[in-house]
Structure formats: structure tokens, C-alpha cells
Amino acid sequence: MRELQVLSDGHLKMDAAELQDFFEKDLFEVVRSQLKRLIEQALLAERDRHLELGYYEHAPVSRTDYRNGFYFRDLVTQLGLLARLRVPRTRRGFPSRVLPRYQRRQQAVNHLVLQAFLRGISTRQVGQVLAPVLGESYSAQTISNITRELHHAVEQFHRRPLGDRYVYLFLDGVVLKIRELAAKVRRRPVLVAYGVLPDGRREIIDYQFAHGESETAWLEFLQTLYLRGLQGTHLQLIITDGGTGLRAALPVVYPRIPLQLCWAHKLRNIAEKVRRKEGSCIAQAAAIYRAADGKQALRAFRQWQQRWQARRPRAVACVQRDLQPLLSFFAVPQAHWRKVRTTNVIERAFREVRRRTRPMSSFTNQPSCDRIIYGVVSHLNLSWESQPLPEFTHLT
């Protein structure tokens, strides 16, 4: 605090900022000291109830325990660190409900740490961010131990009932590195479902670890979504990356929903079949989905086909065989075309997962990976509730 000026009449001169700082710090210390005193009094009362004997009372013949002084323990609360808390004890020991054995933090502090984690702060940064509030900095390992309490919440997320109000369903697989048995790092696909509601709200519906993107893996994931309530009554499109396993599984679970293949993936497929100097082939193919309507898109495809059929037949064939599902998006409102013709929304969402884990070469195990994904997904879903996409509003 800046040096205070003393007026001639002996009063202190303080500006508004100094006054606020003075009283806030003073009140904060008063409240924290009162909290410490109340906890110590509650512990004394709890010990006396255990002994069924107050100070200076004559002990009954059947006395089973005796006072045995005090020990000191630090406790982190929402108001900060309570240093050297005076904790009573007995010779035989007694279980305290006010301050359970080995507890060094209030449960509310653990909840605060979990909320910080769910808001997108990494385990390495949570301790630093909360240190000014809690008066103590936690290591990344301590934060990781606290976040294990999310296990029940993660299980609930994967089992919760699903509504059947989604109008667009995006499906894609994201690959993450996970350390498994014998310390081997393997690339594990995570199957992801992302939905858009009639009011424009987005939601990552669920995700599931798999050993591959086979038809069996996708069929299991889709059937789980269906049995939990996502029966596709209002679905207008299912947007996918075009993987063979997913395309084989979709007709089994959602046979009547139109399929839209991702144009971003298709352009990458074309790029693999042409030379780098033939970039005009890719640019001209992009004109197909930029057409004003489905008829003009077909006309653009035929022009592109005539131009490149002789030189790059494999590139033309990979578009021709999937032309119908590539143009399905023209059947929905035009304001939605740009959003529903690719699965980029899923990759953008998992970009945050990769950012959170960039310092790590891989996830230590699948449960830790599950918690981090859940933390990011929960934060995104919560933020999206108040930020509906304007293009998708009034879909009903």
C-alpha cells in the first residue's frame, strides 16, 4: 500500500482505492480468523461429546477414553489457508466428522478445483490460477488426484438419457495417443457424436474409445445412442467423414436419414491423387459444393469431370461414386449449407483437447484421457448453451 499522508489535524488521508484495499484486506483477515476459531470450537465440542465429559466434571467409573492434548494441522478453505489449526485428540483417538483424518482441504476447495478444471484450465495451471485465492499452490499431481473424483460424473455422462430433438448429427473419429499396458503408446480412435438442436444450440452428445473405426465399433456406438433415446425422429442429415466402417453401420441404425459426406475429407482424397502443381483440380472441384443449388452443382461436376477425366481418372472416380451423398446438403435450408457440408466442427472441438495435452507425449491411461475429454466437453457444452449458432435458429 502506498504511504499514507497525515493531515495537520492528525487524520489519515487515503484515496478511494486505498480505502477499499484497506477494508477488504482487514475484513478478509477477520473473517478467516473467525472461521478458524469456529472450527476449533466445533472440534472441542465434538471431542467432549465423544468423551461424554466436560472440563472439571468428575469422571464416571465406566470412562473409556481421556483427553490427550492437541496437534496442529493446516487446512485449505475457500477463504484461503488456515495455518496451524488447533486439533484436539484423545488417547485412543476418535473419528471426527468436522475434520476427518488426513483431510487437508475442504470439500468445497476440491469442488473449486474441479470447476476450474471443467472450465478448461489444465491440471498444470489450476494450482497456479487458484494459488492467490487458496493461499497455497497445488502440484499437477495433486490436481490430478482431485480430478479423479470426476469418475462418477464421467460415468453419468456416458449413461445419461438422450433427447430426440437433434436436427443434424455429425459423426467422426479422432485419434489420441494413450499409454497402455507394458508402457506401450498406442493410437486409439475416439468415436464422437456432435448434434445441433432446433434452437441452434450445439452439443457434443457422447464419445467412445474404440480399437478401430470398424463397422462393429461404430455399430456398437450408434446402437448405444439409439437405445439411450437418440432415435433420429427429427434428423435431417447425418454428416460423416466417409469412412467405410461408419457408412456400413449407419443403414443398420438410421436407415432413413440422408447421409452427407464431408467435403473437407473428399478434397483431401482428391489431393492424394493429383500432383502438387495440379492444384487447380482441387480448386475446380470445390466449385461443385459452392454452387447455388443442386442442379448447378451437378453441372459443375460434369464440367470438372470433362476437364480432368483423361488426366486424373482416379480423382474423378472418387467424387463420382459418392456424388449423391456429397450433395445431400442442398436439401436443407441454404443458411445451413456451410456448416453441414463438413465434419470440421468435431475436429475444432477436439483441438482444445490436444491443446490441453500438448505438454504430454501421450495420455498416461484411458481413465485420465476420459476425464480430460469430459472436462473439455463439459466446458464446451456449457458455453454453447448461451451461444446458439445464428444460422441454425428457428429450425422447427
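The table below gives the values:
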{"quantity": "Solvent exposure of the stretch 259-354 as accessible area per residue, Å², 1.4 Å probe", "calculated": "54 Å²"}
{"quantity": "Cα-Cα over 31 Å, subset of LYS295/LYS339; LYS184/LYS277; LYS177/LYS277; LYS184/LYS273", "calculated": "LYS184/LYS277; LYS177/LYS277; LYS184/LYS273"}
{"quantity": "Mean accessible surface per residue for the stretch 215-254, computed with a 1.4 Å probe while every protein chain stays in place, in Å²", "calculated": "42 Å²"}
{"quantity": "Principal semi-axes in Å for the stretch 178-279 [√(5λ), Cα gyration tensor, largest first]", "calculated": "25, 23, 14"}
{"quantity": "Amide proton proximity set for GLN260, modelled H, under 5 Å, gap of 5+", "calculated": "ILE238, ILE239, THR240"}
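The values are calculated or read from the model by the stated rules, or taken from the named source; none is laboratory data. In this text the structure is predicted, and so the values were computed from the model without any measurement. Keep in mind that these areas ignore ligands, DNA and RNA; they rest on the heavy atoms of the full protein, side chains included. Shrake-Rupley method; radii C 1.70, N 1.55, O 1.52, S 1.80 Å.
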